[in-house]
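The values are calculated or read from the model by the stated rules, or taken from the named source; none is laboratory data. Small disclaimer: the values here were computed from a predicted structure and weren't measured. As a convention, Cβ positions derive from the backbone with ideal geometry for all residues, glycine included, and neighbour counts pool all protein chains shown.
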Amino acid sequence: MGAAEIYRSMDGRDLRLALDELYADYTNCLDEGDFERWPEFFTDACVYKIIPRENYESGLPLAVWLCESKDMLKDRVVAIRQTSMYAPRLVRRMVSSIRVEGWDDGVLRVRASYLALETPLDGATRVFNAGKYQDRLTVVAGRLKFKEKLCVFDSALVPTSLIFPL
Amino acid sequence: MGAAEIYRSMDGRDLRLALDELYADYTNCLDEGDFERWPEFFTDACVYKIIPRENYESGLPLAVWLCESKDMLKDRVVAIRQTSMYAPRLVRRMVSSIRVEGWDDGVLRVRASYLALETPLDGATRVFNAGKYQDRLTVVAGRLKFKEKLCVFDSALVPTSLIFPL
Amino acid sequence: MGAAEIYRSMDGRDLRLALDELYADYTNCLDEGDFERWPEFFTDACVYKIIPRENYESGLPLAVWLCESKDMLKDRVVAIRQTSMYAPRLVRRMVSSIRVEGWDDGVLRVRASYLALETPLDGATRVFNAGKYQDRLTVVAGRLKFKEKLCVFDSALVPTSLIFPL
């Protein structure tokens, strides 16, 4: 039995635990600023989008961030490292309500809520952005990877300081 | 073995996973504004209350919301749909620290923390309300349902814009 | 097989569930203001620190809180009960992304994100402090206990109202 079959044959609870671990790793990677490791959570061909809920629900394709391959994610990381025009800050991501929505042809649909908190270097922590992850995952070399990750945020207001991934 | 016995015979961990799923479904239903599905999380005779912690702890019955049956929950949903006096907003609920407190005569006591975030249509996301769920659940037709759900919020200040369930 | 061996022989998922329970108990104890029970989550010899991330990462030992034994934790609780110079408030802790980092000689390394919310007696709930728990646990009399708990918060700003544990 290949790794993909192992995930597909998991009962709902083992799968949720595997997802708990994956999302904890994912947010931890970003919270620690370990951005070089971030593209490795995705498949080579992938979609990563940050999009306001209003656009998403009305079918407007307009995204605030759009990457369409792992290479584009890597380019983003290079850009983050080279940019110094933004005030230093830390972002922490809290995840809640991870939900398995089902499998379609070897692709797992998952949804979760996230809350991103922002802390400027000499300031207090504040709410930065909240929304939902709408993700599609597939198994590559025995590991679950994001084939598509949509960060659909609740505000219609685009956060000006959206420098780091969500 | 009936469904109720299956839940009661579950070890603590399987039960916690079943509760993780239930609370993820519950918050997802509300976060998506799928209010018509909300009463189905409750038993026909039920109690749903939103109450400030101070009142709760001093034994004052004064609740901000009080519904005493599934029909009253349904009436609430109709009222939400008919009301248009409030500014459009999204509410997102984060849940943490789900705790199984035990069974009493086929009723499961559960406690959790929640944080409700609010996003006005053209504004930024902010903290709206936080508190604890103090819930009593029972098994109906093979599924865990809320027989009582208390949303005990930390503030003594009643949120003026408490339009949607928590 | 002793209790320590049982935890060490648990697979990753059972261990994560045991940790979910432990952290839910821990935050619940503090959120309910049940401070006398708080030192019991620790081993007799232990380290409890609240430290700004900047100090932590630059290796500065300067902590905002430092306790080096369970007795010091108990002293802290006495101090909390005797102090009345602070405005009454409730603190609620949300935990996310619990990660098992591994065992070293019978000591389990765990990391998690926390968000502390603060509610003044007659005010609205707001973000108070956020950061990560960097914990080392060991098994004492069949139960996981904190041998070291570092609360590394994201801000360089020390919260003036840090009266209760995190």
Notebook entry, point to check: How many of the residues in segment B:20-55 are among the basic types (Lys, Arg) and touching a helix residue (DSSP H, G or I) at 6+ places or on another chain (Cβ under 6 Å)?
Noted result: 1
Notebook entry, point to check: Got a sec? Which of C:Val139, C:Val91 is at pLDDT 95 or above and in a strand (DSSP E or B)?
Noted result: C:Val91
Checklist line | Verdict on A:Thr83 being loosely packed, with under 13 Cβ neighbours inside 10 Å and either in contact (Cβ under 8 Å) with a residue 60 or more places away in the chain or over 13 Å from the mean Cα position of the chain (by Cα) (or both) | finding: yes
Notebook entry, point to check: Is there a residue being surrounded by fewer than 17 Cβ atoms within 10 Å (Cβ to Cβ), outside any loop (DSSP other than H, G, I, E, B) and of a type outside the set (Asp, Glu) anywhere in segment B:57-64?
Noted result: no
Check: Can you name every residue in segment B:115-135 that is within 14 Å of chain A (Cβ to nearest Cβ), touching a residue at least 12 places away in the same chain (Cβ under 8 Å) and of a type in the set (D, E, K, R)?
Finding: B:Glu118
Next item on the list: Would you confirm whether any residue within segment B:49-63 is at pLDDT 95 or above and among the small types (Gly, Ala, Ser)?
Entry: no
Check: Within segment C:88-114, can you find the residues that are within 23 Å of C:Ser161 (Cα to Cα), in contact (Cβ under 8 Å) with a residue 60 or more places away in the chain and more than 15 Å from the chain's Cα centre (by Cα)?
Finding: C:Arg89
Next item on the list: Could you list all residues from segment B:138-163 that are farther than 16 Å from B:Phe42 by Cβ and either basic (Lys, Arg) or in contact with a Gly (Cβ under 8 Å, 6 or more places away or on another chain) (or both)?
Entry: B:Val152, B:Phe153, B:Asp154, B:Ser155, B:Leu157
Next item on the list: Assess whether A:Glu118 counts as being assigned to a strand (DSSP E or B) and surrounded by fewer than 19 Cβ atoms within 10 Å (Cβ to Cβ).
Entry: no
Margin query: Being crowded, with 19+ Cβ neighbours inside 10 Å and over 16 Å from C:Ser96 (Cα atoms) is the filter here; which residues of segment C:151-161 pass it?
Written below: C:Ser155
Notebook entry, point to check: Can you tell me which of A:Thr160, A:Thr138 is free of Cβ contacts under 8 Å to residues at least 12 places away in the same chain and among the β-branched types (Val, Ile, Thr)?
Noted result: A:Thr160
Check: Looking at segment A:2-53, which of its residues are closer than 16 Å to A:Thr138 by Cα, under 14 Å from the mean Cα position of the chain (by Cα) and of a type in the set (A, V, I, L, M)?
Finding: A:Leu19, A:Leu22, A:Val47
Item checked: Top-ranked residue of segment B:3-26 - restricted to ones that are among the aromatic types (Phe, Trp, Tyr) and either within 17 Å of A:Ile98 (Cβ to Cβ) or free of Cβ contacts under 8 Å to residues at least 60 places away in the same chain (or both), ranked as nearest to the other protein chains (Cβ to nearest Cβ) -> B:Tyr23
Margin query: So, in segment C:13-65, exactly how many residues are in contact with a strand residue (DSSP E or B) (Cβ under 8 Å, 6 or more places away or on another chain), among the small types (Gly, Ala, Ser) and more than 24 Å from C:Phe128 (Cβ to Cβ)?
Written below: 2
Notebook entry, point to check: Among the residues of segment A:86-100, is any in contact with a strand residue (DSSP E or B) (Cβ under 7 Å, 6 or more places away or on another chain) and surrounded by fewer than 14 Cβ atoms within 10 Å (Cβ to Cβ)?
Noted result: yes
Notebook entry, point to check: Are any of the residues in segment A:66-78 surrounded by fewer than 13 Cβ atoms within 10 Å (Cβ to Cβ) and part of a loop (DSSP other than H, G, I, E, B)?
Noted result: no
Notebook entry, point to check: Looking at B:Cys29, B:Cys46, which is the one that is within 21 Å of B:Val95 (Cβ to Cβ) and within 14 Å of chain A (Cβ to nearest Cβ)?
Noted result: B:Cys29
Item checked: Single condition B:Thr160 does not satisfy, out of (1) over 15 Å from the mean Cα position of the chain (by Cα); (2) over 30 Å from A:Arg93 (Cα atoms); (3) β-branched (Val, Ile, Thr) -> (2)
Next item on the list: Working carefully through the options A:Tyr48, A:Tyr7, find the one that is in a helix (DSSP H, G or I) and within 20 Å of A:Val110 (Cβ to Cβ).
Entry: A:Tyr7
Notebook entry, point to check: Any idea which residue in segment A:136-163 is nearest to B:Pro120 (Cα to Cα), counting only those that are within 14 Å of another protein chain (Cβ to nearest Cβ) and among the β-branched types (Val, Ile, Thr)?
Noted result: A:Val158
Check: Regarding C:Glu40, is this residue out of contact with any Leu (no Cβ under 6 Å at 6 or more places or on another chain), more than 14 Å from every other protein chain (Cβ to nearest Cβ), part of a helix (DSSP H, G or I) and not hydroxyl-bearing (Ser, Thr, Tyr)?
Finding: yes
Checklist line | From the options A:Leu166, A:Leu108, residue that is part of a loop (DSSP other than H, G, I, E, B) and either out of contact with any helix residue (DSSP H, G or I) (no Cβ under 6 Å at 6 or more places or on another chain) or within 14 Å of chain B (Cβ to nearest Cβ) (or both) | finding: A:Leu166
